[in-house]
Amino acid sequence: MTAWSERSREERTLLNPGYCAILLWHATRGHASFEGAGLAFEEAFLVLPLVLDRRTREALPRDTRTSLATWLEDNALVRGQIASRAQLLAEFTKEALLFGGVHGLLSISEGHVIGIDAKRKRVRESLRGSSDEVRGTAKKAEFVGKWFAHAGATATVLALIGVRP
């Protein structure tokens, strides 16, 4: 990991481990709302690539009735971008998972990332003063968690997107 002081201003802002941990928390809560279980550890590495890029985020469907497979077929260029972004953002995802774990926002158990429900009030407070875009990104992260739960097994999600653990 690059030392914090050596990171560009954009990197410190957009890829802040606290912000990314909140996005992962929302994804885990979305996943749990449908499946009752945490987000698979491997799927956590797909959340940031899907929601941080504005074009990809805005291209996501409105609800889970559009399957992941159908959406990826309709957005073939995005599929390749997600896979390459996942590789580029892997270190930031790891950093967010670590930050979330240290601060009691996330836990990892039996291969799943779990958003700690007791932190719900604190997460909401942190987003209250944020921009519409930041709140929208958190909402899309929650959607992605639900969407992955609807898509089926982790291996299916990874294969559809074209990534390997």
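The values are calculated or read from the model by the stated rules, or taken from the named source; none is laboratory data. All values reported here derive from a predicted model rather than from experimental measurement. Neighbour counts run over all protein chains shown; Cβ positions are idealised from the backbone, glycine included. The protein model used for the area step is the full one, side chains on, heavy atoms only, and it has no ligands, DNA or RNA in it. Shrake-Rupley method; radii C 1.70, N 1.55, O 1.52, S 1.80 Å.
Key figures
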| read-out | value |
| --- | --- |
| 1.4 Å probe accessible area per residue over the chain, in Å² | 55 Å² |
| In Hz, Karplus ³J(HN,Hα) per residue of the stretch 140-150 (6.51, -1.76, 1.60; θ = phi - 60°; x = Gly, Pro) | 5, 5, 5, 4, 4, x, 4, 4, 4, 4, 5 |
| For the stretch 98-165, alpha-carbon Rg relative to the globular expectation (2.2 N^0.38 Å, N residues) | 1.30 |
| Between the stretch 1-32 and the stretch 58-118, the Cα center-to-center distance that results, in Å | 12 Å |
| Simple Cβ-charge dipole of the stretch 51-95, Lys/Arg +1 and Asp/Glu -1, about Cα centre, in debye nearest 20 | 80 debye |
| 3J(HN,Hα) from dihedral phi, the stretch 153-160, Karplus parametrisation 6.51/-1.76/1.60, rounded to Hz, x for glycine, proline | 4, 4, 4, 5, 4, 5, 5, 4 |
| Stokes-Einstein diffusion coefficient of the chain, Kirkwood radius over Cα pairs, 37 °C, 0.692 mPa s, in µm²/s | 209 µm²/s |
| Size of electric dipole in the chain: Cβ of Lys, Arg +1 and of Asp, Glu -1, about Cα centre, debye, nearest 20 | 460 debye |
| MRE, 222 nm, helices only [DSSP H, n ≥ 4, -39500 (n - 2.57), over the chain, to nearest 500] | -20500 deg cm²/dmol |
| In nm, spacing of pseudo-spin labels at residue 54 and residue 164 (7 Å Cα→C-beta vector) | 3.6 nm |
| Long-range HN-HN contacts of residue 106 with modeled amide H, under 5 Å | 101, 116 |
| Net charge, residue 93 excluded, C-beta distance under 15 Å - Lys, Arg +1, Asp, Glu -1 | -4 |
| Cα-based reach from residue 121 at 23 Å (exclusive), listing lysines while leaving out same-chain residues under 8 positions away | 139, 140, 146 |
| Other-chain or far-sequence residues with amide H under 5 Å of residue 112's (modelled H) | 41 |
| Farthest positive-ward along the chain dipole, Cα basis, beta-carbon charges - from 20, 109, 154 | 20 |
